[in-house]
Amino acid sequence: MNLNEIPSTARLPTKYGEFNIRVFHEKETGLDHVALYIGDMSGPDPVLMRVHSECLTGDAFGSLRCDCGPQLDAALQAISKRGWGVLLYLRQEGRGIGLHSKIQAYHLQDQGADTLDANLMLGLPGDARNYQMASIMLKALEIESVSILSNNPDKVQQLKKYGINVAKRVPLVVGIANENREYLQTKVDRMGHEIEFGDV
C-alpha cells in the first residue's frame, strides 16, 4: 500500500466516547476540515449533526468572550449520548475572517464596538463563513437528512441551499457568562440567532 492509498480515517477515543475521525482536504484553501462521527449514518431518522466553525480562543483556550467551547463540548456529548451522529469541524476561524483579524476585532470590541461593527470597521464581512464544504462532507459520509444543533437559522438556510435536507434545528444554548452576554445579545439582535437566555 502506498501513501496515497492510506485512508485519512481512524478511530478516535475521546473523553466523550469513541468517535471515528475523517479528514477532508480543501484544495482551494489548503485547509483540512474534520468530521467526527459515531454509528450508522444512513438513518432512518435524521442524523444529529453540528457544524462547528473553528475557534482557537474558545475551543482550545477556554475563552469566555464567546460560547464556542461550551457548544463544542455540548454537541459532542449529545452525539455520544445518542449513540450516532456527526460533528463537522470547519477551519473558518473568527466567522471566516481568520485569527489575526479576529484578534484585531477583539481589540475594537475592547474599545466599545460590538462584534458585528468590529468586523465592519476592519472592512470585513460581519460573517464570512461558507457552508459548501459542510455539504460536501455530509454527502461523502452519505448523510441525507440531519437534525442540526445550532441557534443560527442562517446556517440552516445555507445548508439547504447546498442541497442538505435539514429536518430540524435543535437549539444549543450553553456557555452564557457575564463576559459574553453582550456578544450573544448582538447575535440575537443583529444576526438573527435564536437564543433564549432564560433557558440557562
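Quick note: the coordinates plus some simple rules give every number you see, no bench work behind them. In this text the structure is predicted, and so the values were computed from the model without any measurement. Note that we place each Cβ from the backbone using ideal geometry, even for glycine, and neighbour counts take in every protein chain shown.
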Lysines within cross-link reach of Lys160: Cα-Cα under 30 Å, excluding same-chain residues under 8 positions apart? Lys27, Lys81, Lys102, Lys139, Lys168, Lys187
Report the residue, chosen from Pro46, Pro70, Pro153, that carries the largest GNM mean-square fluctuation when the chain is represented by alpha-carbon nodes joined by springs under 10 Å. Pro153
Footprinting proxy, Arg91, Arg11, Arg22: sorted fewest to most Cβ within 10 Å, the residues are Arg11, Arg91, Arg22
Among (1) 1.03; (2) 1.13; (3) 1.08, which is the computed Cα Rg over 2.2 N^0.38 Å? (1)
By Cβ neighbour count within 10 Å, fewest first, Leu12, Leu116 rank Leu12, Leu116
Under a 5 Å amide H to amide H cut-off, with H placed in plane at 1.01 Å, what residues pair with Leu48 once short-range neighbours are removed? Val86, Ser147
Tilt relative to the chain, helix 68-82 - C-alpha long axis, 0 to 90 degrees, to 10: 30
Counting Lys and Arg as +1 and Asp and Glu as -1, what is the net charge of the other residues whose Cβ lies under 11 Å from the Cβ of Ser147? +3
Hey, for a label at Glu182 modelled as a point 7 Å past Cα toward Cβ, could you say which residues of segment 95-119 have their backbone N under 17 Å away? 103-119
Count charges around Tyr106 for me, please; just the other residues with Cβ under 14 Å from its Cβ, Lys/Arg as +1, Asp/Glu as -1. -3
Could you please report the charge total around Tyr37, scoring K, R as +1 and D, E as -1 over all other residues with beta-carbon less than 12 angstrom from its beta-carbon? +1
Fewest-first sequence of His52, His107 by Cβ atoms within 10 Å of each Cβ: His107, His52
If each part is reduced to its alpha-carbon centroid, segment 77-143 and segment 14-64 end up apart, in Å, by 13
Okay, which of segment 68-105 sit inside 13 Å, backbone N to the point 7 Å along the Cα-Cβ direction of Ala10? none
Which angle from 0 to 90°, rounded to the nearest 10, does the C-alpha axis of helix 181-191 make with the longest principal axis of the chain? 80
